[in-house]
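Values in this text are rule-based calculations from the coordinates and carry no lab data. Predicted, not measured: the structure shown is a model, and the values here were computed from it. Positions of Cβ are generated from backbone atoms using ideal geometry, with glycine treated the same way; all protein chains shown enter the neighbour counts.
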Amino acid sequence: MTHIRKLKGTKEFTDFVHIVADAYPGFKIDTEELKQKRVEAFSKIQEEDAGISYYGVFREEQLVGGMRYHDFTMNLLSKKTKAGGIGLVAVHPLHKKEKIAKSIVAAFMDHYRKAGASMALLYPFRPDFYKKMGFGFGTSMNQYRIKPMNLPRGGSKEHIRFLKREDAPELLNCYHRMYEKTNGLIEKNEKDFAAIFDNPRNKVVGYVEDSEVKGYLLYEFKNNAGNVLSNDMVVNQMIFEHREALMAFMTYLNSQSDQIRYVVFHLQDEDFRFILEDPTNDSNHLFTPVYHECSIQGTGIMYRVLNISKLFEELKDHNFNHETCQLKIRIQDNLIEENNGSIIVDFKDGLGQLKETDDYDVEIHMDIADFSSLITCAVSFQSLYKYGRASISNEAYIHKVNRIFSSEEKPICMTMF
């Protein structure tokens with residue numbers, strides 16, 4: 001018989017670490033010493049952090065798989081929404097293709113739905129697997145490889161400082177101000193920022209103005225094998241509260257051109273190329289007919305609505321662009337029965353309220369995965385309709401429905417888990 005529960009005791013954590021080591025050989029947990037360090041770290045995290053828990057899948061008390069749960073608060077359309085995150089999903093190699101991963105994800109969704117969360121999110125090891133489980137694609141990540149000399153040389157560097165562990169409270173304050181106004185960001189705490197400095201490869205420079213951090217760059221150096229003098233700067237996070245901070249960062253990075261080959265940016269922003277005079281990367285790749293490669297794009301973070309009715313209740317004060325419409329939303333959800341079916345939302349001057357009525361102006365229909373991307377504003381309704389992922393009962397309402405689910409920005413996630 002299969003059952004899922006929280007891990008406890010050194011033996012269960014040791015068994016889990018061995019499963020993780022086999023499931024993710026790229027982690028290089030390949031010695032007994034490294035495995036023991038992970039056992040101690042995981043046990044300590046669960047003991048000290050109330051928002052992180054490790055769970056295992058047991059068959060006759062034998063651990064055959066496991067995962068890590070994260071309790072999150074997410075800014076969704078300026079409303080603080082309880083969300084669950086899952087990571088480190090791992091299955092024992094002798095028990096693969098036995099639907100253990102599916103049972104892990106199903107148990108995760110059930111856990112957070114019962115805990116009152118409206119949303120779930122994850123980073124997929126296989127996007128197609130999670131799409132079938134009802135998770136929709138989030139905002140893509142763009143990787144830009146830019147020569148430092150091609151970055152704009154803008155403002156002064158007088159406000160640029162290297163930041164240290166003792167600056168974690170100010171880093172948190174900066175992030176929190178952005179969290180309050182940025183769709184998709186997840187709430188963080190001071191420990192999250194202190195942990196950045198546990199990794200000796202991480203470098204953090206901040207824009208400090210009147211003793212406040214108004215932006216920061218988190219980056220690391222990457223050496224090009226075979227040449228100790230050839231290095232890239234890999235920017236994994238960039239936050240700025242105003243343009244002056246951004247231009248100061250660009251000036252700082254531009255000034256590294258004597259020793260840095262490329263600055264590699266990882267940004268959920270396809271418009272970053274507009275800041276560049278030459279956005280092309282180092283591939284020298286030209287494709288049909290005369291388009292120069294300037295970035296590569298990857299899909300990562302995925303979202304899932306766990307409770308549609310509860311989510312609209314939480315968004316009752318969100319203004320859906322001042323639209324007025326009685327909208328019937330019919331969702332296909334093969335895993336959460338309560339989501340599978342129809343609701344009617346009465347939008348009046350942008351404010352939506354669930355209605356127990358048979359009257360509606362127009363009906364839309366889609367899968368829960370695509371609805372999850374739509375409600376987070378990772379994709380527009382017009383695009384879903386254009387590509388056959390959504391249907392509508394009256395095409396005259398396409399633009400109205402598109403405006404209802406539109407936002408000035410796609411969701412941004414800067415939390416790895």
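Here are the numbers for the structure shown:
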read-out: Long-range amide H partners of THR324 with built H, under 5 Å; value: ASP349, GLY350
read-out: Per-residue HN-Hα couplings for segment 299-306 [Karplus 6.51, -1.76, 1.60; θ = phi - 60°; Hz; x = Gly/Pro]; value: 9, x, 3, 10, 10, 9, 7, 8
read-out: Proximal lysines to LYS157, defined as alpha-carbon separation beneath 26 angstrom and excluding residues fewer than eight positions away on the same chain; value: LYS147, LYS203, LYS214, LYS222
read-out: Mean separation of Cα contacts under 8 Å (6+ apart) over length of the chain, as relative contact order %; value: 17
read-out: Dipole of the chain, positive end: most advanced residue of LEU315, ILE19, GLY136 [Cβ charges, Cα centre]; value: ILE19
read-out: Signed unit charges on C-beta, dipole axis of segment 2-117, positive-most listed residue ALA83, LEU34, HIS95; value: ALA83
read-out: Cα-centred dipole magnitude for segment 170-225, charges only on beta-carbon of K, R (+1) and D, E (-1), debye, nearest 20; value: 280
read-out: Cα centroid separation - segment 200-232 against segment 338-385, whole Å; value: 43
read-out: Likely footprinting exposure, SER406, SER283, SER295, fewest C-beta neighbours within 10 Å first; value: SER283, SER406, SER295
read-out: Matching label, Cα extents along the principal axes in Å computed from the structure shown, candidates (i) 59, 47, 45; (ii) 68, 57, 48; (iii) 58, 57, 47; value: (ii)
read-out: Residue order, fewest to most beta carbons within 10 Å, for ILE344, ILE301; value: ILE344, ILE301
read-out: Cβ-placed point charges (K, R +1; D, E -1), dipole of the chain about Cα centre in debye, nearest 20; value: 860
